[in-house]
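The values are calculated or read from the model by the stated rules, or taken from the named source; none is laboratory data. These numbers come from a predicted model, not from an experiment. Glycine also receives a Cβ, built like all others from the backbone with ideal geometry; neighbour counts cover every protein chain displayed. SASA here: full protein model, heavy atoms, side chains in, ligands and nucleic acids out. Shrake-Rupley method; radii C 1.70, N 1.55, O 1.52, S 1.80 Å.
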Amino acid sequence: MRIAVLRGPRAFEVVEEDVPEIAPDEVLVKAGACGVCASELDVWEGRGAAPFPLYPGHEVSGTVVRAGAEVRTFREGDVVAVWATGRGFAEYVAVKAEYCRPAAGVAVEEALAEPLACAANAVELADVRLGDDVVIIGAGFMGNLVQELVQLRGVRHLVVADTRPDALERARKLGATRTVDVTRESLPDVVSGLTGGVGADITFEVTGTQAPLAVVGDVTRMSGKIAIVGYHQGAPREIPLAQWNWMAFQIVNAHFRDVNTIMRGMTIGMRLLTAGRLSLQGLVTHRFGLDDINEAFATAVDKPEGFVKSTVTFPG
Ligand SMILES: [Zn+2]
């Protein structure tokens, strides 16, 4: 089978390997797609901590072609969404059956269990309540998922901020009650106007960059919640901690490492997705074959107009 190995910065190479053996608690999945995750871009550009060669890829979906002797939950032919712990950009992936969720009826490149798990866990941990006023800063792929899940909770004002007109247009179509282009409008002024000067109950930071960290405190009410969903890598960030202290904000670190938590989020996300309560239609905008995996990553870094998420797909 073919698998992509990252040999150095921006240098994936596709190599031949044996199809992996499976343990009794594992299934062998024939890949349909593997999403390119924002959390992998630093590694691809050579800013990761681990030495090369590396085998990224964790957002796998495909079809079970073999099940281990102990596996009772899946059988040959089942379509699954998988949280792989690496080696995902490959034609076949061996993975614990418990890391799979049913994905029948979902377009294979949209069966993205791991990002759904992160978004579901973020909304659960932030505990969005009926009638809350919510601000989401960042209308990329993860921001869109958080937005859809927040909407299922039933909020009052849902303000989405970004710098890209195409991203804001998408947020509007998904159901934002107000969008703010922060290059043209003051987000604090808009939120203040909508909330009678009080501020949002919850603000989600979903960019992973420095700029919004200076603003989240200006749009959140006293004792409100600031949820950090963005994946913050690289240089240390600066935050106005005096303001965050004084305003008694509750800080929600929406990053999840505990496997049981990730699995619970996957179950929530895939239940909603397969039931049609949540849709990723139109969010996977760029598809590449395995041979073009470097281009898939370059596109995710460059974010051309209309870009939301790229994926590597495998011919059926
Ligand atoms: Zn991911």
Low-density loop GluC sites (Glu not before Pro), region 24-65, at most 14 other Cβ within 10 Å, DSSP non-H/G/I/E/B, are GLU45
In debye to the nearest 20, the charge dipole size for the chain, taken about the Cα centre with +1 at each Lys and Arg Cβ and -1 at each Asp and Glu Cβ, equals 760 debye
Taking a ≥ b ≥ c as the square roots of the Cα gyration tensor eigenvalues, with a/c under 1.5 meaning rounded and otherwise prolate when a/b beats b/c or oblate if not, region 132-189 comes out oblate
Note: the chain, point scatterers on Cα, Debye, no solvent; log10 I/I(0) at q = 0.07, 0.13 Å⁻¹ equals -0.28, -0.93
Placing each pseudo-label 7 Å from Cα in the direction of the beta carbon, GLU45 and LEU152 end up separated by a distance in nanometres of 3.2 nm
Projecting the Cα atoms of VAL65, MET266, PHE12 onto the charge dipole of the chain, where Lys and Arg contribute +1 and Asp and Glu -1 at Cβ, the residue farthest towards the positive end is MET266
Here the relative contact order (percent) of region 116-253, from C-alpha pairs under 8 Å and at least 6 apart, is 22 percent
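How much accessible area per residue does the chain have, in Å², with a 1.4 Å probe?
Each residue of the chain exposes 45 Å² on average to a 1.4 Å probe.
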Gyration tensor (Cα only) of region 116-253 to equivalent ellipsoid, semi-axes in Å sorted down, yields 19, 17, 16
The answer for the net charge of residues other than ALA254 whose Cβ lies under 11 angstrom from its Cβ, with Lys and Arg +1 and Asp and Glu -1, is -1
Once both label points are put 7 Å beyond Cα along the C-beta direction, the GLU70-ASN245 separation in nm becomes 5.1 nm
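Please give the charge dipole size of region 116-253, origin at the Cα centre, charges +1 on K and R Cβ atoms and -1 on D and E Cβ atoms. Round to the nearest 20 debye.
I would put it at about 160 debye.
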Mean 1/r over distinct Cα pairs of region 1-150, inverted to a Kirkwood Rh in Å, yields 16.7 Å
Region 1-46 and region 193-257 have their Cα centres apart by a whole-number Å value of 34 Å
So the carbon and sulfur contribution to the accessible area of the chain, 1.4 Å probe, in percent, is 51 percent
Note on region 173-316: alpha-carbon gyration tensor, axes a ≥ b ≥ c; rule is a/c under 1.5 for rounded, else prolate if a/b larger than b/c, else oblate; result prolate
For ARG178 the rounded accessible area (nearest 10 Å², probe 1.4 Å, non-protein molecules ignored) is 80 Å²
Heads up, region 99-179 by the C-alpha gyration tensor (a ≥ b ≥ c square roots of eigenvalues; a/c under 1.5 rounded, else a/b over b/c prolate, else oblate) looks oblate
Probe 1.4 Å, all chains present, heavy atoms only: LEU54 accessible area in Å², nearest 10, is 30 Å²
SASA check, ASP25, accessible area w/ 1.4 Å probe, all protein chains in place, rounded to nearest 10 Å², comes out at 50 Å²
To the nearest 20 debye, region 16-100 has a Cα-centred charge dipole, built from +1 on Lys and Arg Cβ and -1 on Asp and Glu Cβ, of 200 debye
Any helix of the chain counts here only if DSSP assigns it H throughout, its Cα atoms span 20 Å or more along the axis, and its mean Kyte-Doolittle hydropathy is at least -1.0, and such helices are 259-274
Cα-Cα pairs in region 72-114 separated by more than 13 Å, as a whole percent of all pairs, come to 55 percent
